[in-house]
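Step one of this worksheet: look at the structure below.
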Amino acid sequence: MSTLLQPYNERMMEVLLYIQRNLDGDLSPETLAEQACFSVAHFHRIFKGMIGESLKEHVRRLRLERAAYRLCYSDDSVMDIALDSGFESPETFSRAFKKRFLVPPSDFRNSSRAILGPGNDGKIHYRPDPSIEGFELDDSPAKCKVEIRTREETQVVFIRHVGPYFGVEKAWEKLCGWGYGNGLMTNETEFLGLSYDDPDITPEEKIRYDACFTIQNEVETPPEMGLQIIPGGRFAVTTHYGSYEGLHTAYREFYGKWLPSSGHQVKNTVPSFEKYIKVPPDVPPEEAVTEIWLAIY
């Protein structure tokens, strides 16, 4: 194992064991991020990149596998098992169980003693004795190209969008319409997007995103807009070429592959942000160019 990877691997292994030992306990993103010493947003991206599934998917799968174990080896009712697995009703549990194991819980109990079902990419499975013996994190090299850059702190005008990331167009239209209308745009203006939440965890209706453009001097903004400072310092920067649908994969590669092997630590106090170099409709979606900036030390 690379000595650069070791601190990340050790922290993630501790989190994985904590999850297994506390399947009925507090597995909130805040609790697990604190265990790993990351901010919540950074933690989710690192977790998915290193483990191969989101935190929500991982916990849900382990609880379903534990339910399968109990169906095989206990006489507990399906209702009790469903409620203990975190489902609100036997019906929702049955649908999730069938999706995972391809048969309803009652049929599984009657015909199968196998714990693991087909169609699953997870490598860590439920066991009555919490263990990750034999599991190795994926340490294959990152494919993304990364540069280390330094930038000064930046003042921006921003408007906050709350909701799905793919609904930010209206926020950008309002922000840029006001900026161009007031003569604030120049050839030096940067267009930045601050991402505070991971869509794999945060409900769509609660995702926070700030659409921003840079300014040199303070200005008076409308009530729905504001000013903020994006801190300066050292940043790791990778460039995504293509439509925004591919950004999720780019983040996974950046956080889960490059960061753990880089020897750098993520700066939890600074959100990652995107810098838009070429954007639709100026170019076709497949020709968009987006930089992802991650504060490091």
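The values are calculated or read from the model by the stated rules, or taken from the named source; none is laboratory data. Every value quoted in this text rests on a predicted model; they were computed, and no experiment measured them. Positions of Cβ are generated from backbone atoms using ideal geometry, with glycine treated the same way; all protein chains shown enter the neighbour counts. Only protein heavy atoms, including side chains, enter the accessible area calculation; ligands, DNA and RNA are left aside. Shrake-Rupley method; radii C 1.70, N 1.55, O 1.52, S 1.80 Å.
How much length is gained on full extension from residue 196 to residue 139, taking 0.36 nm per residue of separation minus their Cα-Cα distance?
On the way: separation 57, 0.36 × 57 = 20.52 nm, distance 2.69 nm.
So the chain would gain 17.8 nm between residue 196 and residue 139.
Computing the accessible area with a 1.4 Å probe over protein heavy atoms, can you report the carbon and sulfur percentage for the range 203-297? Before the final figure, lay out the partial values.
Details: 2310 of 4570 Å².
Its accessible area is 50 percent carbon and sulfur atoms.
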- Measuring from the longest principal axis of the C-alpha atoms of the chain, the long axis of helix 6-21 (C-alpha) lies at a number of degrees, nearest 10, equal to 50 degrees
- Filtered hits (aspartates and glutamates, Cα-Cα < 15 Å from residue 99, offset >= 8 within chain) -> 57, 65, 91, 107, 121
- Note on the structure: The simple spin-label model distance between residue 229 and residue 18, using points 7 Å out along Cα→Cβ, in nm, is 3.2 nm
- For residue 257, counting only lysines whose alpha-carbon sits under 23 Å away and dropping same-chain residues fewer than eight positions off, the answer is 48, 56, 123, 143, 145, 267, 275
- Message: Show me, for the range 182-196, the HN-Hα J-couplings you get by feeding each phi into the Karplus relation (A = 6.51, B = -1.76, C = 1.60, θ = phi - 60°), rounded to Hz, glycine and proline as x.
- Response: 9, x, 8, 8, 10, 5, 8, 5, 9, 10, 10, x, 9, 9, 9
- Item | About the Cα centre, charge dipole magnitude for the range 1-55 (Lys/Arg +1, Asp/Glu -1 at Cβ), debye | 220 debye
- Quick one: which residues, 5 or more positions from residue 197 or on another chain, have an amide H under 5 Å from its amide H? H modelled 1.01 Å from N in the peptide plane, none for Pro or chain starts. 208
- Task: Answer with one residue from 36, 72, 20: the one whose Cα lies farthest towards the positive end of the charge dipole of the range 1-96, charges on Cβ with Lys, Arg +1 and Asp, Glu -1.
- Result: 36
- Query: Angle between the Cα long axis of helix 40-51 and the longest principal axis of the chain, 0 to 90 degrees, nearest 10?
  - Reply: 60 degrees
- For residue 240, list long-range residues whose amide hydrogen, built 1.01 Å from N in the peptide plane, is under 5 Å from its own amide hydrogen. 290, 291, 292
- Please report how far the C-alpha centroid of the range 22-97 lies from that of the range 249-276, rounded to the nearest whole angstrom. 25 Å
- Task: Name the residue farthest towards the positive end of the dipole of the range 221-297 from the options 237, 290, 280, assuming +1 on Cβ of Lys and Arg, -1 on Cβ of Asp and Glu, about the Cα centre.
- Result: 237
- Query: What's the angle, to the nearest 10 degrees (0 to 90), between helix 90-101's Cα axis and the longest principal axis of the chain?
  - Reply: 90 degrees
- What size of dipole, in debye to the nearest 20, comes out for the range 249-297 about its Cα centre when the only charges are +1 on Lys and Arg C-beta atoms and -1 on Asp and Glu C-beta atoms? 300 debye
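So what is the 222 nm mean residue ellipticity for the chain from helices alone, if each DSSP H run of at least 4 adds -39500 (n - 2.57) and you divide by all residues, rounding to the nearest 500 deg cm²/dmol?
Values: 10 runs with 105 residues, N = 297.
Roughly -10500 deg cm²/dmol at 222 nm, from the helical runs in the chain.
With a cut-off of 8 Å between alpha carbons and a minimum separation of six or more residues, what is the relative contact order of the chain in percent?
Details: 452 pairs, mean separation 63.7, N = 297.
Reported as a whole number, the value is 21 percent.
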- Among 60, 234, 95: highest mean-square fluctuation, GNM of the chain, C-alpha pairs under 10 Å: 95
- Query: Each residue of the range 157-173 in turn: what ³J(HN,Hα) in whole Hz from Karplus with 6.51, -1.76, 1.60 and θ = phi - 60°, glycine and Pro shown as x?
  - Reply: 8, 9, 9, 8, 10, 10, x, x, 4, 7, x, 7, 4, 5, 5, 5, 4
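With +1 on each Lys and Arg Cβ and -1 on each Asp and Glu Cβ, and nothing else charged, work out how big the dipole of the chain is about its Cα centre, in Debye to the nearest 20.
660 debye
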